[in-house]
Amino acid sequence: MNSYALYVLIAIMAAAGTLAVVPTYASSFDEEACPDCGSMDIYEKAEYAKQNNVPVSVWTDSKIYDHESEITVGGYVANLRGDAPVTVTVISPQGNIATVQQVEVSEDNTFETMFSTAGALFKENGMYTIRAQYGPQEINDKVMVELVGEAASEESACGDGELAVKGGSEVFCVPFEASGAIVTSASANGATKSLTLKIETEGDGSISLAIPRDVLDATEDGSDVDFIVLVDDEEADFEETDSDDSTRMVDITFSDGASQIEIIGTYAVPEFGTMAAIILAVAIVSIIAVSARTRLSISPRY
């Protein structure tokens with residue numbers, strides 16, 4: 001073997017040895033991904049380094065709660081964005097927003113807040129999604145918790161002999177008398193133009209309602225027409241016993257075992273109440289005003 005070939009062979013062997021050493025060195029360097037972690041072992045350092053790679057993370061102090069609990073929500077952000085808060089949103093099992101909070105981030109990059117499950121916002125059982133967003137939409141994390149047990153009953157704003165009917169964002173007190181059944185809930189629906197009662201029967205019986213016309217009415221060409229009354233989705237016997245400019249009195253009979261009474265008219269209180277309509281009107285006026293000012297500001301000047 002001549003000297004040139006020998007030099008080439010030595011160079012190749014040296015290069016191969018260098019490549020074999022580099023991965024070992026890199027592996028030991030990765031163990032120090034968190035050089036400021038003090039006396040942590042390599043596993044704790046690796047977990048801390050992984051946390052730093054997640055822009056925002058969120059957790060809770062438990063996975064299951066009842067309706068008289070405090071949910072403690074904590075979290076961590078990898079990189080502070082000035083004074084920007086974390087937006088924590090709680091979404092109910094039905095997909096509705098139960099509550100939203102803006103939470104400040106501490107100097108150690110952590111945040112914490114609490115929610116009470118005792119209110120009406122958490123009356124449903126099931127899985128709730130707690131979502132934390134920090135800055136842009138894509139920087140978020142979420143955790144699931146479950147609510148179980150029986151929700152505390154709400155005190156009715158209506159008096160004895162009055163039925164609390166939920167219509168849109170309001171509650172209407174409707175005078176009523178019931179025999180042979182207990183009314184467990186009542187609601188008016190503007191989309192179906194109906195008033196629905198959920199009942200638990202104790203035998204054959206009847207329910208008399210003094211229905212306010214602004215809750216439910218049935219008219220055609222300015223004149224009253226009959227309601228349609230269904231008991232468990234089947235037409236039922238009823239009698240309209242009295243009416244005036246503000247109310248219509250109906251008497252409905254039912255058989256033992258019935259669970260639902262639906263009274264259908266031509267109008268029911270809309271989904272959004274008076275206050276919501278006022279807010280919507282103010283918003284529309286504001287948009288028009290801002291649009292008008294914007295057009296004026298960009299008009300060319302000569």
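The values are calculated or read from the model by the stated rules, or taken from the named source; none is laboratory data. Small disclaimer: the values here were computed from a predicted structure and weren't measured. Note that we place each Cβ from the backbone using ideal geometry, even for glycine, and neighbour counts take in every protein chain shown. Just the protein is used for accessible areas: all its heavy atoms, side chains included, with ligands, DNA and RNA removed. Shrake-Rupley method; radii C 1.70, N 1.55, O 1.52, S 1.80 Å.
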At pLDDT 60 or above, surrounded by 13 or more Cβ atoms within 10 Å (Cβ to Cβ) and within 30 Å of residue 150 (Cβ to Cβ): does that describe residue 64? no
From the list 220, 234, pick out the single residue that is open to solvent by 30 Å² or more (accessible area, probe 1.4 Å) and under 35 Å from the mean Cα position of the chain (by Cα). 234
Looking at (1) under 29 Å from residue 266 (Cβ atoms); (2) open to solvent by 80 Å² or more (accessible area, probe 1.4 Å); (3) in a strand (DSSP E or B), which is the only condition residue 214 fails? (3)
Would you check if there is a residue in segment 162-173 being over 30 Å from the mean Cα position of the chain (by Cα), open to solvent by 20 Å² or more (accessible area, probe 1.4 Å) and in contact (Cβ under 8 Å) with a residue 12 or more places away in the chain? yes
Any chance residue 226 is open to solvent by 30 Å² or more (accessible area, probe 1.4 Å) and either β-branched (Val, Ile, Thr) or not in a strand (DSSP E or B) (or both): yes
Conditions: (1) exposed (fewer than 14 other Cβ atoms within 10 Å of the Cβ); (2) under 22 Å from residue 151 (Cα atoms). Residue 79 meets all but one. Number of the miss? (2)
Against the definition (in contact (Cβ under 8 Å) with a residue 12 or more places away in the chain, outside any strand (DSSP E or B) and either farther than 19 Å from residue 164 by Cα or open to solvent by 60 Å² or more (accessible area, probe 1.4 Å) (or both)), how does residue 256 come out, yes or no? yes
Cβ pairs under 6 Å, 6+ apart, first in segment 95-112 and in a loop (DSSP other than H, G, I, E, B), second of a type in the set (Phe, Trp, Tyr): 105/111; 109/76
Could you list, in sequence order, the residues of segment 53-73 that are closer than 23 Å to residue 124 by Cα, out of contact with any Lys or Arg (no Cβ under 8 Å at 6 or more places or on another chain) and in a strand (DSSP E or B)? 59, 60, 64, 65, 70, 71, 72, 73
Which residues, counting only those in segment 176-195, are open to solvent by less than 30 Å² (accessible area, probe 1.4 Å), part of a strand (DSSP E or B) and in contact (Cβ under 8 Å) with a residue 60 or more places away in the chain? 180, 181, 188, 194, 195
Looking at segment 206-229, is at least one residue of a type in the set (D, E, K, R), under 21 Å from residue 179 (Cβ atoms) and out of contact with any Leu (no Cβ under 9 Å at 6 or more places or on another chain)? no
Taking into account only those residues within segment 119-136 that are small (Gly, Ala, Ser) and either in a strand (DSSP E or B) or modelled with pLDDT under 85 (or both), which is least open to solvent (accessible area, probe 1.4 Å)? 132
Looking at segment 120-129, can you tell me whether even one residue there is at positive phi and of a type in the set (Gly, Ala, Ser)? yes
Could we say that residue 277 is open to solvent by less than 60 Å² (accessible area, probe 1.4 Å) and either at pLDDT below 55 or over 18 Å from residue 192 (Cβ atoms) (or both) here? yes
Would it be correct to say that residue 94 is polar (S, T, N, Q) and within 29 Å of residue 257 (Cβ to Cβ)? yes
